[in-house]
Amino acid sequence: PQKHFDVLTYTGNNNSGRVITGLKFKPDFVWFKKRSSGSQNHTLFDSVRGTGKRLRLPAEDGQGTVSDELTSFNDGGFTIDTDNFQNENGKNYVAWCWKAGGTAVTNNDGDITSSVSVDEESGFSIATYTGSTASGALTVGHGLGKKPAWVIIKRTDTSGEWIVGHKGLAVNAFTNNKFLKLEENASVFTNSLVFGAEPTTTVTQIVSDGNAGASNLTSSGTYVMYSWAEIPGFSKFGAYKGNGSSDGTFINVGFKPAFVLVKGNNFAGNWNLFDIKRPGANPINDRLFPNLSD
C-alpha cells in the first residue's frame, strides 16, 4: 500500500528548496495542511495541473499560480519553498500523498476529452478537462478501468464549489444526484444538474443546462476531477449508522487504514479527517477538517 499512498509529517524551516522525503513513490497528488499555531488553508497540488498551481480548502476560488510553495514532485517526496502554507519556520505540517500515473495522457472515452494520470492498481486518477456549453448529459473519461466510488470535481479557472460524489450517500447516489461539498459542513445536497447517472468503468457523467449546472460543472471553464475506485485490501468506501455510544460503531474495512475521512450525510457537521501519522498510535484523536482552516 505504501507504494501508492502515504502520509508525511514534518516541521517547517522556511528554507528555499526544502526537500521532503519518506515516500516509496513519486507523488502526483499532494494535499497539505498546517497543523499548529493558528489557522491556515489546506492546499492541494497535482502533477496534471502542474507544480505552482494551487487549490485551497475551504476556499472556493480558482487555482492560484505560485512560485514559493510546491516546486517539484520527486522520487520519494517533493520540494517546497518558503511560503507559510507549507514551510513556516517551526510549524508542524501534514501532507497526504497519492501516486497516479505520472505524465497525463489524452483520454477520449467521454463526450469531453480529458487529460488523465491514473494508477489502476490503487484505483486513483487525476483528470483535467474543459467544460462544454452543450446542454444535457455529458461524460468525461477517468481512466480507472473500474467504477469510481468517490469523485471530487473542482473548477480551476475561477471560483466554484468542491463537488463530492460518493457511493455511500444513497442507493444509486450518483443517479439520484446526491452530493456533498468538501468546503461545507452541510448535509447531502440534491441537484438534477450534477451527475444524473452512475459512473462506469470508463466515464463519469455530468449534467448541464447549457449554461451552468451545480458548480458550473460543464460550463466552458476548466476543471480537475479526482476519482477513486474501491480496491480490496487498499481502499474502502461506504456508509454506516452511528450508535451514540462511547463504544462506537465498528466499521470493518478489511485492512488497517492509513487515511479516514468521515462526513455526516443526513445532518450538518464537519468533515473529519484522521490518519495513521497523527499522533501515530491508537487512540487516534487528532483530526483536521477539510471544511475549516483550523
The lone condition S215 fails out of (1) polar (S, T, N, Q); (2) surrounded by 23 or more Cβ atoms within 10 Å (Cβ to Cβ); (3) touching a Gly at 6+ places or on another chain (Cβ under 7 Å); (4) at pLDDT 90 or above is (4)
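Each row is one residue, and each column tells you yes or no for (1) aliphatic (A, V, I, L, M); (2) over 17 Å from S293 (Cα atoms); (3) in a loop (DSSP other than H, G, I, E, B).
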{"site": "N15", "(1), (2), (3)": "no, yes, yes"}
{"site": "V19", "(1), (2), (3)": "yes, yes, no"}
{"site": "F25", "(1), (2), (3)": "no, yes, yes"}
{"site": "K33", "(1), (2), (3)": "no, no, no"}
{"site": "G38", "(1), (2), (3)": "no, no, yes"}
{"site": "T43", "(1), (2), (3)": "no, no, no"}
{"site": "V48", "(1), (2), (3)": "yes, yes, yes"}
{"site": "T51", "(1), (2), (3)": "no, yes, yes"}
{"site": "R54", "(1), (2), (3)": "no, no, no"}
Using the structure shown, decide if A95 is among the small types (G, A, S), modelled with pLDDT of 95 or more and under 23 Å from N285 (Cα atoms). yes
Of the conditions (1) of a type outside the set (A, V, I, L, M); (2) under 20 Å from the mean Cα position of the chain (by Cα); (3) open to solvent by 60 Å² or more (accessible area, probe 1.4 Å), the single one that N14 does not satisfy is (2)
Could you grab me the full set of residues in region 92-105 that are closer than 27 Å to N41 by Cα and assigned to a strand (DSSP E or B)? N92, Y93, V94, A95, W96, C97, W98
Considering only region 77-87, I want to know if a residue exists there that is among the small types (G, A, S) and assigned to a loop (DSSP other than H, G, I, E, B). no
Odd one out for G196 among (1) under 23 Å from A59 (Cα atoms); (2) at pLDDT below 95: (1)
Being within 19 Å of the chain's Cα centre (by Cα) and either of a type in the set (G, A, S) or open to solvent by 40 Å² or more (accessible area, probe 1.4 Å) (or both) is the filter here; which residues of region 84-106 pass it? A95, K99, A100, G101, G102, T103, A104
Is it true that F32 is open to solvent by less than 20 Å² (accessible area, probe 1.4 Å) and either over 26 Å from A258 (Cα atoms) or under 18 Å from the mean Cα position of the chain (by Cα) (or both)? yes
Confirm whether L8 is within 28 Å of T201 (Cα to Cα) and either among the acidic types (D, E) or not in a loop (DSSP other than H, G, I, E, B) (or both). no
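Of the residues L8, L57, which single one is among the aliphatic types (A, V, I, L, M) and within 14 Å of the chain's Cα centre (by Cα)?
On the way: L8 fails: within 14 Å of the chain's Cα centre (by Cα).
So the residue among L8, L57 that is among the aliphatic types (A, V, I, L, M) and within 14 Å of the chain's Cα centre (by Cα) is L57.
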Taking S114 as the residue in question, decide whether it is closer than 23 Å to R155 by Cβ, open to solvent by less than 50 Å² (accessible area, probe 1.4 Å) and not aliphatic (A, V, I, L, M). yes
Search region 70-83 for residues being more than 27 Å from H142 (Cβ to Cβ) and of a type in the set (D, E, K, R), and hand back the single one that is surrounded by the fewest Cβ atoms within 10 Å (Cβ to Cβ). D83
Where a residue in region 26-54 is without any contact (Cβ under 8 Å) to a residue 60 or more places away in the chain and its partner, wherever it lies, is polar (S, T, N, Q) and assigned to a strand (DSSP E or B), with Cβ under 6 Å and at least six apart: S36/N92; T51/T71; T51/S72; G52/T65; R54/T43
When you check A186 against the structure, is it under 29 Å from N41 (Cβ atoms) and touching a helix residue (DSSP H, G or I) at 6+ places or on another chain (Cβ under 6 Å), yes or no? no
Selection status of S72, under 30 Å from G12 (Cβ atoms), touching a strand residue (DSSP E or B) at 6+ places or on another chain (Cβ under 7 Å) and free of Cβ contacts under 8 Å to residues at least 60 places away in the same chain: yes
Hey, among the residues in region 199-212 that are farther than 24 Å from G123 by Cβ and outside any loop (DSSP other than H, G, I, E, B), which one's modelled with the highest pLDDT? V207
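In region 106-120, how many residues are assigned to a strand (DSSP E or B) and of a type in the set (D, E, K, R)?
1
The values are calculated or read from the model by the stated rules, or taken from the named source; none is laboratory data. Note that this is a predicted model, so its numbers are computed, not measured. As a convention, Cβ positions derive from the backbone with ideal geometry for all residues, glycine included, and neighbour counts pool all protein chains shown. Side chains included, ligands, DNA and RNA excluded: accessible areas come from the protein's heavy atoms. Shrake-Rupley method; radii C 1.70, N 1.55, O 1.52, S 1.80 Å.
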